[in-house]
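The values are calculated or read from the model by the stated rules, or taken from the named source; none is laboratory data. Everything numeric in this text was worked out from a predicted model, so none of it was measured. Using ideal geometry, Cβ is built from the backbone for each residue, glycine included, and neighbour counts are taken over all protein chains shown. Just the protein is used for accessible areas: all its heavy atoms, side chains included, with ligands, DNA and RNA removed. Shrake-Rupley method; radii C 1.70, N 1.55, O 1.52, S 1.80 Å.
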Amino acid sequence: MAEPKKIIIDTDPGIDDAMAIFLALRSPEIKVIGLTTIFGNVYTTLATRNALHLLEVAGRTDIPVAEGSHVSYLKATKLRVADFVHGVDGLGNQNFPQPKSKPIEKLAAEYLVEQASLYPGEITVVALGPLTNIALAIKLDPTFIKNVGQIVLLGGAFAVNGNVNPASEANIFGDPEAADIVFTSGADILAVGLNVTHQVILTDHDRQILAESDGIFAKYLSKILEFYYSYHRDAYNMKGAYLHDPTTILAAVNPSLMTYTEGVVRVQTSGITRGLTLFFNKQKRFNEETEWCNKPTVKVAVTVDATEVVKLVMERLMY
Ligand SMILES: O=c1[nH]cnc2c1ncn2[C@@H]1O[C@H](CO)[C@@H](O)[C@H]1O
């Protein structure tokens, strides 16, 4: 078998982040070499605390956690967090104990740059939150974009409504300037947006099965999922929950679970559509220069084998 792919997960845990991290740890095709943290579902300090806590739950405190930025790329301090989706603690208000472990000294952007240059072309960064740390890594070291193997990111809503508002998906909305830098950086990027993740639903029945399992991840997740499910009931009138972050992990594990298109993505940074991701398919030569011309292309996920994704999530989180 090929050597497992080295993965760094940039994360804002977050209930579906917790699922994604556990799923990654249970996926033999990949090796999680580190976690970096970012604001999004919670503020960065809490994201770090939760990342350390989740690794303790998994018995994987050997994996380093590097804390990320506390402010947006443009240093805004007024950030939007989604406590109504994940609970004030980010993990379904379960009163978990403080972790004993500590983050490493290096900041997330420094750690990303260091690892990418240590293993050129070998690292896949799976970005599950706003793209601030990745944009900062690009700023810190312009060779990061060629040293990093691939960036698989959860972000955008391609030709569908957003989840923060009709225009904008939460991770892009969290730091649109950073997102535009990353999308136009020239790195090998695969974007998984709401158009795909909204097809992947964990049902009430699936959660029941997890609750009845003796597996540590299954038991833990079935508890924290309660809050996430109640948000989906209120916001979407659905009995189940979207698997945004786990789907993105599986895109890195097995790209053939999805189909993709390729083109240029720009991010709107102002006005009522701030955070909108606009994909250009390159099928027309415009008469004048546009903001999409002469920019590198990225891959954007279009379809997903949702049944297989849910099946893998369930199998791998059961025991
Ligand atoms: O309504 C929402 N506002 C903010 N964040 C949300 C909302 N719904 C889901 N997510 C979170 O944002 C990412 C996907 O966009 C996921 O991490 C999900 O947990």
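Taking region 148-182, which residues are within 18 Å of A137 (Cβ to Cβ), open to solvent by 10 Å² or more (accessible area, probe 1.4 Å) and more than 9 Å from the ligand (Cβ to nearest atom)?
Passing the criteria: G149, Q150, E177, D180, I181.
Out of P142, P130, report the one residue that is modelled with pLDDT of 95 or more, within 14 Å of the ligand (Cβ to nearest atom) and part of a loop (DSSP other than H, G, I, E, B).
Values: P142 fails: within 14 Å of the ligand (Cβ to nearest atom).
The unique qualifying residue is P130.
Considering only region 4-43, state which residues are surrounded by 24 or more Cβ atoms within 10 Å (Cβ to Cβ) and of a type in the set (S, T, N, Q).
Residues satisfying the conditions are T11, T36, T37, N41.
Quick check on my filter: what residues within region 92-127 are within 23 Å of I33 (Cβ to Cβ) and either modelled with pLDDT under 95 or aliphatic (A, V, I, L, M) (or both)? Let's see the steps before the verdict.
Filtering region 92-127 for residues within 23 Å of I33 (Cβ to Cβ) gives 99-127.
Matches in region 92-127: I104, L107, A108, A109, L112, V113, A116, L118, I123, V125, V126, A127.
Taking region 252-268 only, how many residues are crowded, with 17+ Cβ neighbours inside 10 Å and not in a strand (DSSP E or B)?
Counting residues in region 252-268 that are crowded, with 17+ Cβ neighbours inside 10 Å and not in a strand (DSSP E or B) gives 4.
Could you check how many residues of region 87-120 are surrounded by fewer than 19 Cβ atoms within 10 Å (Cβ to Cβ) and at positive phi?
Matching residues across region 87-120 total 2.
Between residues in region 284-304 that are part of a loop (DSSP other than H, G, I, E, B) and residues that are of a type in the set (K, R), which pairs lie under 8 Å by C-beta distance while being six or more apart or on different chains?
E291/R266; W292/R266; K295/R266; T297/K282
Looking at region 159-249, what helices (runs of 4 or more DSSP H) fall wholly within it and have at least 2 residues that are closer than 26 Å to T44 by Cα?
Those helices (runs of 4 or more DSSP H) span 170-174, 176-183, 194-197, 216-236.
Yes or no: T48 within 24 Å of I138 (Cα to Cα), among the β-branched types (V, I, T) and out of contact with any Pro (no Cβ under 7 Å at 6 or more places or on another chain)?
On the way: within 24 Å of I138 (Cα to Cα): yes; among the β-branched types (V, I, T): yes; out of contact with any Pro (no Cβ under 7 Å at 6 or more places or on another chain): no.
So T48 fails the test.
What helices (runs of 4 or more DSSP H) lie completely within region 1-114 and have 2 or more residues being away from the ligand (no atom under 12 Å from the Cβ) and of a type in the set (A, V, I, L, M)?
Values: elements: 15-25, 44-57, 83-86.
Answer list for region 1-114: 15-25, 44-57.
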